[in-house]
Amino acid sequence: MDIKAILADAMVATAKQAIADGVVREGALPEVLLEVPPKKEFGDFASNFAMQSARTLRCNPRILATYIQEHLSCPYVEKVDIAGPGFLNFHLKPDWMYDMFSHIVEAGETYGNLPKASQEKIQLEFVSANPTGPLHVGHGRGAAVGSALANLLKAAGYDVEREYYINDAGNQMNNLAKSVNARYLELLGQPCEFPEDGYHGQDIVETAQRIARKYGDKFLAMDEAGRLETFKELAYKEKLEALKEDLARFNVHFDVWFSEKTLHEAGKIREAAAFLQEHGYAYEQGGALWLKSTAFGDDKDRVIIRDNGVPTYFAADIAYHTNKFQRGFDRVINLWGADHHGYIARMKAAMQCMGFAPEKLEILVLQMVRLVRGDQEIKLSKRTGQTVTLNELIDEVGTDAARYFFVMRSIDSQLDFDLDLAKKKSNDNPVFYVQYAHARICSILRQVEEEGIAVAGKGNYRLLTHPAEVDLIKKLGEYPELLATAARERAVQQVAHYVYDLAGLFHTAYNQCRILGVDSDLQQARLALVLAVGHVIRHALGILGVSAPDKM
């Protein structure tokens, strides 16, 4: 039951009646916006509808506000106050809250799953790290936010597919092969020079060690070109499998793993470049092919085919994004790191040149992550001296804490990840605080089962009159709108904030309202409330990719 929609419809109907009665002039009515006032004495909802309408109806806002106050027909409204130049404050009867809670209880485990929100087919691409080494903590933020956003969009009624773009073509793969080759030769005592653009991580040494253990010196007899091609394939398969394992450990799964190499093999990159040139969006200069991206808001034109005939990464990205839209996606959402911010204008320009609406390519930029322990910033891995890996973070704080900390801040802000706080088993740790609320609920239900108390799952909800219970019910009622708003705004942190606040209200109610050993009707009503809170906590944590333990 959407009380805001009911109240908004009643306000619009009353405004139309005011026009019909000649109280105000005829004109277009704005969208009704309703907010929860900062103080309870101001009512349950407040709106500036009369003030917004006054612009188009050309009247004093208090005239319309007074008419709404006197003529509003809504069974849930007890009284309407007018504040200032025409703000409307609505005080509702308790009936709406209990009717709403009844709907929540009846919905059960489906509460929070919203009806279809759009006909759009959405593709969400995130992480897409090169398969040349382990994921680091920056990738971890993208993985947590991307997977949580996919879960959020699905819950909010959107058709979304998750995709990982595998950069398995180009120089990074050649450098991977050269790096493994150098380490392999070193292990076998052969003279070699480590490539200038090689990968120096310990994982490369370990890959070479595994190859040497399995194959011995078999590959020394190969010419270097053959050995590099072999090592490229062996290392690629190993690195990709490791990426998949690390992501699965982090509760991140993809519907599609898309290979860049397939674009090259199918000639799609050359095809895109030819299309751009044929339609006047690309030109030759200095032996290279350039995209006229400045005509679409970029700061300079960009090379898509180098003077040596080799396509740039940008050309591959143009072909890849063209492929996305050709697969039937109506909206494409990318999560990129902050270092890709300058890439946005040229990518949108390219899509416009290829005949797609640039606004259908939506790019979300993730700011950097800074690991801190106390006042000290942690930059390097203790094991390798390189960047801290996602696996090392999970080993230290666990998947749940890592995911929650990554998603609880807006992606627009740099994240300071407090390692000590993430490990705390106390209410200072937000994920512990939320999970403890769920564990408390499970403990109550175990006690109920042990005492042989039948849980009806329903009751006389009008017995739930304690302020802590009222606050809890109202918070539960906010959940569907919260999900719809968070999905529209691509703001998964709103779900983290909501479930934290809900857990806090539950802890308060738990301490102030005895659940067992009270009048049986009140006990059943309170147990229904406990069940509903438990479901919403599980649902919200599920969106965030965080577990809901039954014991702590």
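Read-outs: derived from the displayed coordinates by stated rules, not from any lab. Just so we're clear, the structure is a prediction, and the values are computed from it rather than from any experiment. No Cβ is skipped: glycine too gets one built from the backbone with ideal geometry, and neighbour counts run over all protein chains shown.
Taking every lysine pair in segment 31-171 that is 8 or more places apart or spans two chains, those with Cα atoms closer than 17 Å amount to 6. Counting only residues at least eight positions apart within a chain, or on another chain, the aspartates and glutamates with an alpha carbon under 20 Å from that of Lys214 are Glu186, Asp203, Glu206, Asp223, Glu224, Glu229, Glu233, Glu238, Glu241.
Counting only DSSP beta bridges with both residues in the chain, the antiparallel share comes to about 50 percent. Label-to-label distance for Glu229 and Asn171 is 2.3 nm, based on points extended 7 Å past Cα in the beta-carbon direction. With a simple spin-label model that places each label point 7 Å from the Cα along the Cα-to-Cβ direction, the separation between Val470 and Leu188 comes to 8.0 nm.
For segment 241-332, the number of Lys pairs separated by eight or more positions or lying on different chains, with C-alpha atoms closer than 21 Å, is 5. A full extension of the chain between Asn427 and Arg306 corresponds to an added length of 37.9 nm, given 0.36 nm per residue minus the alpha carbon distance. Under 20 Å from the 7 Å Cα→Cβ point of His497, by amide nitrogen: which residues of segment 385-403? Residues passing the 20 Å test: 403.
Against the empirical 2.2 N^0.38 Å (N residues), segment 180-254 has a Cα radius of gyration ratio of 1.22. Within segment 108-170, none of the GluC sites (Glu not before Pro) combine a DSSP coil assignment with at most 11 other C-beta atoms in a 10 angstrom radius. Per residue, the chain reaches -16000 deg cm²/dmol at 222 nm when only DSSP H runs of four or more residues are counted, each adding -39500 (n - 2.57).
The alpha carbons of segment 287-368 stretch over 35, 32, 22 Å along the principal axes, in descending order. The modelled label-to-label distance between Ala357 and Asp521, using points 7 Å beyond Cα along the C-beta direction, is 5.5 nm.
Taking every pair of alpha-carbon atoms in the chain, what share in percent sits in each 10 Å bin, from 0 to the bin with the longest distance? Per 10 Å bin, starting at zero, the Cα-Cα P(r) for the chain comes out as 3, 14, 19, 21, 18, 12, 7, 3, 1, 0 percent.
Extension gain, Asp197-Asn323: 0.36 nm per intervening residue step, less the Cα-Cα distance, totals 42.3 nm.
The gain in end-to-end length when the Val365 to Glu206 segment is fully stretched comes to 53.9 nm, 0.36 nm per residue minus the alpha carbon separation. Among the trypsin sites (Lys or Arg not before Pro) found in segment 150-214, not one is both in a DSSP coil and sparsely packed, with 14 or fewer other Cβ atoms within 10 Å of its Cβ.
Among the trypsin sites (Lys or Arg not before Pro) in segment 471-552, those located in a DSSP loop and surrounded by at most 12 other Cβ atoms within 10 Å of their own Cβ are Arg514, Lys551.
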